């Protein structure tokens, strides 16, 4: 049986711009991976207009790794996923948010996970203990110390804005 994976996610929102950071530890490889990216403008435009965007950015950070890492890396894998935002954590745990754009992202994750069949244990981590805090603020010092390998986040609007049935994949990931 394959060992579990640990994922940490974080988002920052400053000066009307968001940034996402992800750190992954794969026990099978004894390897850290990380990714980071600005929240794309198309995604922000799809969100409900309003002053606060950090909540949506935190939820986006939670779900993006599952669409970005190789399917077979996460398929039927046990995942411990740490999040430092309690509101985002509650949304993903409950599978619901009263904010439509947040609910949309949460639902995309749960639909996709029907095929991925990852057994995700969601857990809170304090911001100061979250290694994804650095990449979400474009600080890669810890990632360099951990010899972490970088991967790319899937922020393709054609993927994200596809019809819902797109997120239900065959069990083999094709």
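Per-residue answers, yes or no, for (1) touching a strand residue (DSSP E or B) at 6+ places or on another chain (Cβ under 8 Å); (2) over 16 Å from residue 123 (Cα atoms):
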site	(1), (2)
39	yes, yes
42	no, yes
83	yes, no
92	yes, no
98	no, yes
Sort out for me the strands (runs of 3 or more DSSP E) sitting completely within the stretch 1-90 that have 1 or more residues that are in contact (Cβ under 8 Å) with a residue 40 or more places away in the chain, over 12 Å from the mean Cα position of the chain (by Cα) and more than 16 Å from residue 109 (Cα to Cα).
-> 5-14, 17-26, 31-38
Please verify whether the stretch 126-147 includes one or more residues that are in contact with a helix residue (DSSP H, G or I) (Cβ under 7 Å, 6 or more places away or on another chain) and part of a strand (DSSP E or B).
-> no
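Read-outs: derived from the displayed coordinates by stated rules, not from any lab. Because the structure is a prediction, the values reported are computed rather than measured. Ideal geometry is used to build each Cβ from the backbone, glycine not excepted, and the neighbour counts take in all protein chains shown.
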